[in-house]
1. Report, by residue number, each residue of region 458-489 that is closer than 11 Å to Thr423 by Cα, of a type in the set (Val, Ile, Thr) and modelled with pLDDT under 90.
2. Considering only residues that are open to solvent by 100 Å² or more (accessible area, probe 1.4 Å) and modelled with pLDDT under 80, which ones fall in region 521-537?
3. Somewhere in region 291-301, is a residue surrounded by 18 or more Cβ atoms within 10 Å (Cβ to Cβ), among the hydroxyl-bearing types (Ser, Thr, Tyr) and assigned to a helix (DSSP H, G or I)?
4. Out of Ala184, Ala154, Ala176, I need the residue that is open to solvent by less than 20 Å² (accessible area, probe 1.4 Å), modelled with pLDDT of 80 or more and in contact with an Asp or Glu (Cβ under 7 Å, 6 or more places away or on another chain). Which one?
5. Name the strands (runs of 3 or more DSSP E) wholly inside region 428-535 in which the number of residues that are touching a helix residue (DSSP H, G or I) at 6+ places or on another chain (Cβ under 8 Å) is 2 or more.
6. Given the condition open to solvent by 30 Å² or more (accessible area, probe 1.4 Å), under 22 Å from Gly544 (Cα atoms), under 34 Å from the mean Cα position of the chain (by Cα) and not β-branched (Val, Ile, Thr), answer yes or no: does some residue in region 478-492 qualify?
7. Just one of Lys609, Lys629 is in a strand (DSSP E or B) and among the charged types (D, E, K, R); which is it?
8. Taking the condition of a type in the set (Lys, Arg) and under 17 Å from Val731 (Cβ atoms), does Arg648 pass?
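The values are calculated or read from the model by the stated rules, or taken from the named source; none is laboratory data. What you are looking at is a predicted structure, and each value in this text was computed from that prediction instead of being measured. Cβ sites come from the backbone with ideal geometry, for glycine too, and all protein chains shown count toward neighbours. Only protein heavy atoms, including side chains, enter the accessible area calculation; ligands, DNA and RNA are left aside. Shrake-Rupley method; radii C 1.70, N 1.55, O 1.52, S 1.80 Å.
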Amino acid sequence: MMNTDKFFTEEEKKIFFSKYRELFNALSESLEKDDVPKIRQLLRPVVAMECYGRDRNGINGLLRNMETALIATKDIGLKRTSVLALILYRPVLKKAITIEEVEKTFNADVSLIINRLLKTSDLYARNTAINSDNFHRLLFSFAEDVRVILVMIADRLCMMRMGKEIVDEKDRVRLATEVSYLYAPLAHRLGLYKIKSEMEDLTLKYLDAKQYYYIKDKLNETKRSRDAYIEKFIEPVGKKLADAGLTFEIKGRTKSIHSINSKMRKQKVDFEGIYDLFAIRIVLDSEMGKERADCWHAYSIVTDMYQPNPKRMRDWLSVPKTNGYESLHITVLGPQKRWVEVQIRTQRMDEIAEKGLAAHWKYKGGHEEHGLDEFLSDVRAVLETQGSTPMDLMKEFKMDLYQDEIYVFTPNGDLIKLGKGATVLDFAFAIHSKIGSRCISGKVNGKNVPIKYVLNNGDTIEVITSPTQTPKRGWLSFVATSKARAKIKQALREEYAKSADLAKEQLQRRMKNRKADIEEAVLMRYIKKKGYKTITDFYLDIAGEKLDINTVIDECVEQEQKEKEIPEHADTRSAEEYVANIEAKEMSTRQDILIIDKNLTGIDYRLAKCCNPIYGDPVFGFVSTQGIKIHRMDCPNATEMRTRFGYRIIPAEWSGKGTSGYAVALRIVGNDDISIVTNITSVISKESRVSLRSINIDSVDGLFQGTFTIIIPDTSSLTVLIKKLQGVKGVKNIHRMN
């Protein structure tokens, strides 16, 4: 038994040993005879060396390790090799034991996974920001071995569950943001829908707590009526299924808080406007050979009872998803004319849907290292494409994670899986990059079609090529797969580089012929003055004859002469015109922090109009085409930005003191009395550093409703003002508008 007195409180000790027993009971079937004694032998001196100490948020390292191992085992289904690697990788990281000791005690596969986890850990330690080159290597580490992805998913879910224990708010926000744009999509792609859903809910909880608890409270309020409706829907369906001789279980499942929030945002409605808050799941107990027949039998029974919506039919029985997901999804018009989603599957399919790969391996009789080879090889192909920027990479990577699939055929009958919306050109690149680069058209089901033709499930495609064809920039506007985009971009970069080199040689040759000896620095300043962001763009315009070479040389010579002229009299300038160039404050944290300050120069940022942040609001930066925009953490668009464009999010914080004025609109509702406006404006005017910009007033059914736009320095001043306004006689409600 390990001595843990110095690391645990009494309560933590009880939890640890309970989790320890639970873990090894869950692993009992996959463990070898001497594994447990060997682990104890390795870990006994390790615990004494304190390599499992608490982190800076006070989280116990050994408890976190055990919780992560349990998630990996019970929720994901990882077995002996991966879990041993997970338990032992931290002692190896801290050099308490060597990788050679692990390999000698267990086997080379355990040490292999540890080595790959160490690579991932090293990237995090070196500040793996999304806009850094390290992120490229992080994704590549994931793509090397699916088990690395699964262990990291388990670790991030463990940390999300421990969110309340993370004292530093910035750490919690950073973790939640990272999970939303990387780990939740990965869990989705690997078929871990339960984990993906929990990650998304916890992300919303930490990034927009107000919205999370609003929906949670609403779900609790409507639970009784919802349960009654589900019961009313299920009862007649269950009777018909039983009469048909089917063995089954029916359950109602409320949609996740994150899913409901997404619907509210997308449909622009309140909670009451969301009608499909739940789904009915019919899980059949069927023999392997009768699974599909039983599912279609249940489908016919349900659609005979309730009118189906054919547009919302999803058949993943005939052709399952690449992650093994099989199910029939239909939406029917239930009692009270309400649309209800019904999922029909067997027990085997249900287990795969809940546990993803783990259950798939179980039923296929495979091992952990098998599965998703095609997906991972596609990821590796994108990662290996020369010249890809980390931000482009993340965009393409995430795009493929969320795409639905279509299944098409080659003329020989080979099945090819592509993303929904894929074109003939995507298909050509899926066959081979050379075929894609030379594709000029195609034949779909025997009919001639252009390269941008969008494919459908079941199409048979023949690619038509030409040796003179080369990739075009316009192709990027309609291809749908990351492989095609990556290969087109690579070909274009190579083509541009050749054209730019030829244009550069042409310019140098012409300058030599004209005996114009122009310095390199003068040419660089000329290119910048012309507004070119890159030298390559300048030379490409020469290659494309948008710039005349002789004109370029003439203007460069003229510029060089002007720069050499020394003015006889310098203009006298007042000292008041001097502007100090204050550099951005450097922060020695794990990530670059954007310090927002009115004196800051050199960084282009703007306050977003959608949420109008003011000094003191918790904020984040979003990299847009107009520079960095600063949004409030509870901005109505924040969830979508984090989910779809997480790689553009930059941590931000205010510095110094709130000295400038920010416009804030307050919506005040109260009794319709002429004196209420006078009293409100009087309170505002008495506040120092607060001024009133505009008033907009209307009266409805005896209620006064006014929008007061004020100029205020910070959130603390706003809080004080709102409290004083709430004390005005007749005021019923005040809220800050976006």
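1. Thr481
2. Lys533 - this is the single residue of region 521-537 that is open to solvent by 100 Å² or more (accessible area, probe 1.4 Å) and modelled with pLDDT under 80.
3. Yes, region 291-301 contains a residue that is surrounded by 18 or more Cβ atoms within 10 Å (Cβ to Cβ), among the hydroxyl-bearing types (Ser, Thr, Tyr) and assigned to a helix (DSSP H, G or I).
4. Ala184
5. 439-444, 461-465
6. Yes - at least one qualifying residue is present in region 478-492.
7. After applying the criteria, what remains is Lys629.
8. In short, no.
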